[in-house]
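No lab work stands behind these numbers, since they all come straight from the coordinates. Just so you know, these numbers come straight off a predicted model, no measurement behind them. In this analysis, Cβ positions are derived from the backbone assuming ideal geometry, glycine residues included, and neighbour counts consider all displayed protein chains.
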Amino acid sequence: MEKRKTLFRLLMIIIGNTIYALAVALFIMPNGLITGGTTGLALFVNHITNIPVSAFVAVWNIVMFIIGAVILGKAFAMKTLLSTFYYPVALEIIQKITGNYKVTEDVMLATVCAGLMIGFAIGLVILAGASTGGMDIPPLVLNKKFKMSVSVTMYAIDFVVLILQMAFTSVDKILYGIILVLLYTVTLGKILAYGENMKKAEVQLHNQNLQKA
């Protein structure tokens, strides 16, 4: 039973990171959208240095993983290891397969699709007891060291990353970026709330079964 749960959680992490990579490769990059997190920082670095997005994400995730492992412990490291290495590889493979293919020319539709997909993807990974790595780690480290709110810190980091991308994008794209970040944040909240309700329902069912026994 425990092995099945572990395999199911690993599958959730893989599916979540694959959906995240699809959102970036099919909607964000082809439409020149800006976003927060590690991907947004990678897009900024790519613009000024031409370093591939997937390569920067891989290096950044490894550095953040090491910092997280040292400060947050082995349990955190084991849960986040798969995401740290799988996401950049998935992104690179999907980019090679799809090239510059655009699912839609409508930027607003691309923004909405990417926001929903990213929020759902991160939610799946967190419900599996893991982290997507990268920019998820600094808020967790600051929370442990200085008791700073994870959500507030994450919003602040995303905002800074969006500002960095303002140097090479239009006002319209900036607004789309804000909508994207807000949309995936709201979607993430809904997914996590659903997961919490499911856990409560499982606990109640377990207690009822114990009482009947």
Next on the checklist: Run the simple label-point estimate for Arg4 and Glu196 please: 7 Å along Cα→C-beta, distance reported in nm.
Outcome noted: 2.8 nm
Item to check | Equivalent ellipsoid semi-axes - Cα gyration tensor, the range 19-97, angstrom | outcome: 24, 14, 10
Next on the checklist: With angles folded into 0 to 90 degrees, how steeply does helix 150-165 sit against the dominant principal axis of the chain? Use alpha carbons for both and round to 10.
Outcome noted: 10 degrees
Checklist entry - In a shell of Cβ-Cβ distance under 13 Å around Leu11, excluding Leu11 itself, what net charge do Lys and Arg (+1) and Asp and Glu (-1) give? => result +4
Item to check | Between helix 137-146 and the chain: long-axis angle, C-alpha atoms, 0 to 90°, nearest 10 | outcome: 60 degrees
Checklist outcome for this item: Computed over the chain: longest principal axis from alpha-carbon atoms vs helix 74-98 long axis, angle to nearest 10 degrees, is 40 degrees
Checklist entry - Build a GNM of the chain with springs between Cα atoms under 10 Å: which of Met29, Met78, Met64 gets the top mean-square fluctuation? => result Met78
Item to check | Sites excluded, trypsin sites (Lys or Arg not before Pro) in DSSP loops with at most 14 other C-beta within 10 Å, longest stretch of the chain | outcome: 1-101
Item to check | Cβ-Cβ FRET estimate between Phe159 and Leu11, R0 fixed at 41 Å, reported to 0.05 | outcome: 0.80
Checklist entry - Which whole-number percent gives the relative contact order of the chain, counting Cα pairs below 8 Å spaced six or more residues apart? => result 32 percent
Checklist entry - Which pairs in the list Lys79/Lys145; Lys74/Lys144; Lys3/Lys199; Lys96/Lys190; Lys74/Lys147 are over 23 Å apart, alpha-carbon to alpha-carbon? => result Lys96/Lys190
Next on the checklist: Need one number: nm distance between label points at Lys147 and Ser170, each 7 Å from Cα along Cα→Cβ, rounded to one decimal.
Outcome noted: 4.8 nm
Item to check | the chain, dipole about Cα centre (Lys/Arg Cβ +1, Asp/Glu Cβ -1), debye to the nearest 20 | outcome: 860 debye
Checklist entry - Dividing the convex hull volume of the alpha carbon atoms of the chain by its residue count, what do you get in Å³ per residue? => result 134 Å³
Item to check | Cβ charges +1 (Lys, Arg) and -1 (Asp, Glu), total dipole of the range 63-174, debye | outcome: 520 debye
